[in-house]
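Notes follow the structure.
The values are calculated or read from the model by the stated rules, or taken from the named source; none is laboratory data. A quick note: this is a predicted structure, and the numbers were derived from the prediction, not measured. Cβ: placed from backbone, ideal geometry, glycine included. Neighbour counts: every protein chain shown. Ligands, DNA and RNA are excluded from the accessible area calculation, which covers all protein heavy atoms including side chains. Shrake-Rupley method; radii C 1.70, N 1.55, O 1.52, S 1.80 Å.
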Amino acid sequence: ITNESITFDLLITDVQMPEMDGLKLVNQLKKTNSFTSIIVSGYDDFSYLQTAMREGAVNYLLKPVDKKLFIEQMEEVKNKIYQKWADEHKWTEVQEKASQLTNAKQIQLLSEVTWNDELDLSLLDWTQQFPKGTYKLVYISVDQLTISAKELDASENWDREIEAIFRQHVENECGDSDIMYWWWRSGKLHYWLLLFNKESYDPTFDKKTIQFIYDCKDLIQRSTPYTVSISLGDIFKDLTLLTSIKDQLLSLKQYRIIHGGNKVFRIDLLKNLTDQQSKNVTSSIYKHVQQII
């Protein structure tokens with residue numbers, strides 16, 4: 001049962017068996033499984049009955065077992081198992097609804113934090129609504145549109161398509177790991193993505209996120225009328241830093257004025273981009289560009 005990960009609802013066992021008696025079998029399996037048990041014994045011993053009841057046995061049957069009585073007891077057990085299934089299903093539904101409400105509240109908080117430059121006093125403890133671990137913030141902005149007015153009218157569909165591309169990639173890359181995400185909009189065709197890993201140190205987290213961000217950018221170019229510029233922040237643990245990282249990413253996005261769209265701008269590449277600017281343009285042009293930025 002343990003090696004094969006067998007799940008079951010009812011265990012009927014004799015007491016006297018070689019290697020392990022039925023009471024010990026029930027005791028061991030209760031550590032890893034949830035089930036109902038019926039103990040069968042040829043010994044009319046009250047101590048066995050007490051032990052069986054402590055181990056959660058529904059019934060204690062003496063040999064020879066009366067078939068009619070056994071059928072009646074099995075019907076009772078069946079009804080209890082059906083009720084257990086119904087209770088578990090209801091509990092799962094309750095948990096799913098609670099999770100949805102929690103997620104909606106978290107997205108609302110993130111939206112307010114990234115929308116307002118000054119936090120409302122009521123939001124000062126907003127980080128308490130989120131788990132502890134490591135985070136990574138991403139800003140996605142559609143580049144200057146080069147599509148017709150007719151296509152622009154249908155942009156709501158493409159808006160959902162862009163979101164679906166990111167969601168699908170996150171779930172494909174991170175679905176089997178401890179990575180969660182929150183997705184919210186910052187106006188039309190502008191988005192925020194917050195990634196979370198419950199591990200305090202996971203070297204693959206950064207690598208995974210960078211790779212699928214580049215994959216999403218390329219897929220959007222191929223499958224929609226748009227290209228996007230993406231600002232990608234560093235990993236951080238203190239969620240109160242989110243507002244300052246948000247400002248960094250918004251500033252980082254401005255580099256597409258110089259380098260063009262359809263690119264991923266990373267905080268760790270900021271210095272390299274700055275060095276390239278000073279080398280590739282004259283000082284007067286560089287000065288004016290910096291003023292514009």
* Asked: Each residue of the stretch 250-256 in order: what ³J(HN,Hα) in whole Hz does its phi give by Karplus 6.51 cos²θ - 1.76 cosθ + 1.60, θ = phi - 60°, with x for Gly and Pro?
  -> 5, 5, 4, 4, 5, 5, 6
* Roughly how much of residue 102 is accessible, in Å² to the nearest 10, using a 1.4 Å probe? -> 70 Å²
* In nm, give the distance between the simple-model label positions of residue 1 and residue 14, each being 7 Å from the Cα along the Cα-to-Cβ direction. => 1.7 nm
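Using a 1.4 Å probe and counting only protein heavy atoms, arrange 97, 67 so the residue with the most accessible area comes first.
Numbers: 97 130, 67 165 Å².
Output order, biggest surface exposure first: 67, 97.
Given a 1.4 Å probe and heavy atoms of the protein chains only, how would you sort 7, 2, largest accessible area at the top? Spell out each step's value before the answer.
Numbers: 7 120, 2 100 Å².
These residues rank, largest area first, as 7, 2.
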* In what order, largest first, do 235, 165 sit by accessible area if the probe radius is 1.4 Å? -> 235, 165
* Structure fact -> Taking a ≥ b ≥ c as the square roots of the Cα gyration tensor eigenvalues, with a/c under 1.5 meaning rounded and otherwise prolate when a/b beats b/c or oblate if not, the stretch 206-254 comes out oblate
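Write down the accessible area per residue of the stretch 189-254 in Å², having rolled a 1.4 Å probe over the full set of protein chains. Can you show the working numbers first?
Numbers: 2830 Å² over 66 residues.
Here the residues of the stretch 189-254 average 43 Å² of exposed surface.
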